[in-house]
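So the structure is just underneath, and the comments pick up after that.
The values are calculated or read from the model by the stated rules, or taken from the named source; none is laboratory data. Given the structure is predicted, the values throughout are model-derived calculations rather than measurements. Here Cβ is always computed from backbone atoms with ideal geometry, including for glycine, and neighbour counts include all displayed protein chains. Only protein heavy atoms, including side chains, enter the accessible area calculation; ligands, DNA and RNA are left aside. Shrake-Rupley method; radii C 1.70, N 1.55, O 1.52, S 1.80 Å.
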Amino acid sequence: MYRLNPLSLLCAVTIAALLVFAPAAQATKLKKQNLTQLITQADSIVAGTVRTVSDGIDPNGVPYTEVTIAVGTTAKGKLKGGEDYTFRQFGLLSPKTFPTGRQLLAVSPEGFPRWAEGEYVVAFLYAPASRTGLQTTAGMAQGKLTSVNGQLANSFNNQGLFDDVVIDAGLLKADEQAMLDSRGAVNTQVFLGLIGRAVAEGWIENGGMQ
């Protein structure tokens, strides 16, 4: 098997960064994405338990974090509940040190979601990148929400998640309206119920959700 030496690896990472990392550089200056935008931008929306998290460097020298989610339910896309889904996000979990002492610091950039084994998440996933296959969540960390004791929030405590979201009142249940009017963590099942109906019934496409 062909192996890159550390120097070649660093060169490959530099090239990969130009191809992959340019849009990722915006992660440190995240533009707020509300729920309507996250649904629209996501290729898949899944809820499930993170089974494994690992990292590595692919044969082209691109550093990645690999995440496997045991999918429980889906609201959008071709993924199915009851199956595992594995994807790779740009960047390492932590710096790597080679036998020569040279260190590779290409960790996932600030603003990217962080993943932990055993957590229950709702992920608004972009489609995999055409050139690298790498994948992350819409809105970066805004599009990965974690459920704790039945309460769901992203790493920004849902700041801006419902800002400027307008849904026809006739489409909403009372607990969903209350959720849209709230701030901070939200009930996981209420959130998933709203997302599922919004996608299945085409609220955004039909103008019922903006």
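Applying the set (1) touching a strand residue (DSSP E or B) at 6+ places or on another chain (Cβ under 9 Å); (2) at pLDDT 50 or above; (3) in a loop (DSSP other than H, G, I, E, B) to residue 32 leaves exactly one unmet item: (1). Residue 196 meets all of the listed conditions (1) out of contact with any Gly (no Cβ under 6 Å at 6 or more places or on another chain); (2) in contact (Cβ under 8 Å) with a residue 12 or more places away in the chain; (3) part of a loop (DSSP other than H, G, I, E, B); (4) under 26 Å from residue 70 (Cα atoms) but one, namely (3).
Step by step: first the residues of the range 128-149, then only those that are part of a loop (DSSP other than H, G, I, E, B), of a type outside the set (Ser, Thr, Tyr) and in contact with a strand residue (DSSP E or B) (Cβ under 8 Å, 6 or more places away or on another chain), then the one that is most open to solvent (accessible area, probe 1.4 Å). Which residue is that? Steps first, please.
At the first step, the residues of the range 128-149 found to be part of a loop (DSSP other than H, G, I, E, B) are 128-136, 138-139, 149.
Still in the list and also of a type outside the set (Ser, Thr, Tyr): 128-129, 131, 133-135, 138-139, 149.
From the residues that got through so far, the ones that are in contact with a strand residue (DSSP E or B) (Cβ under 8 Å, 6 or more places away or on another chain) too are 128, 133-135, 138-139.
Values: 128: 66, 133: 40, 134: 21, 135: 11, 138: 0, 139: 8 Å².
Ranking the candidates gives 128 first.
Quick one: which residue in 97, 86 is modelled with pLDDT under 95 and hydroxyl-bearing (Ser, Thr, Tyr)? So that I can check it myself, show each step before the final result.
Working: 86 fails: modelled with pLDDT under 95.
Among 97, 86, only 97 is modelled with pLDDT under 95 and hydroxyl-bearing (Ser, Thr, Tyr).
With the requirement that a residue be hydroxyl-bearing (Ser, Thr, Tyr), part of a loop (DSSP other than H, G, I, E, B) and within 22 Å of the chain's Cα centre (by Cα), what does the range 150-190 give you? Spell out the reasoning first.
Pass one, the range 150-190, residues hydroxyl-bearing (Ser, Thr, Tyr): 155, 182, 188.
Still in the list and also part of a loop (DSSP other than H, G, I, E, B): 155, 182.
Scanning the range 150-190 gives a single hit, 155.
Residue 71 meets each of the listed conditions (1) assigned to a strand (DSSP E or B); (2) in contact (Cβ under 8 Å) with a residue 60 or more places away in the chain apart from (2). Residue count for the range 94-125 under the criterion of being surrounded by 15 or more Cβ atoms within 10 Å (Cβ to Cβ), touching a helix residue (DSSP H, G or I) at 6+ places or on another chain (Cβ under 7 Å) and in a loop (DSSP other than H, G, I, E, B): the result is 5.
If only residues of the range 65-87 that are open to solvent by less than 30 Å² (accessible area, probe 1.4 Å) and either among the hydroxyl-bearing types (Ser, Thr, Tyr) or more than 16 Å from the chain's Cα centre (by Cα) (or both) are counted, the one that is nearest to residue 203 (Cα to Cα) is 68.
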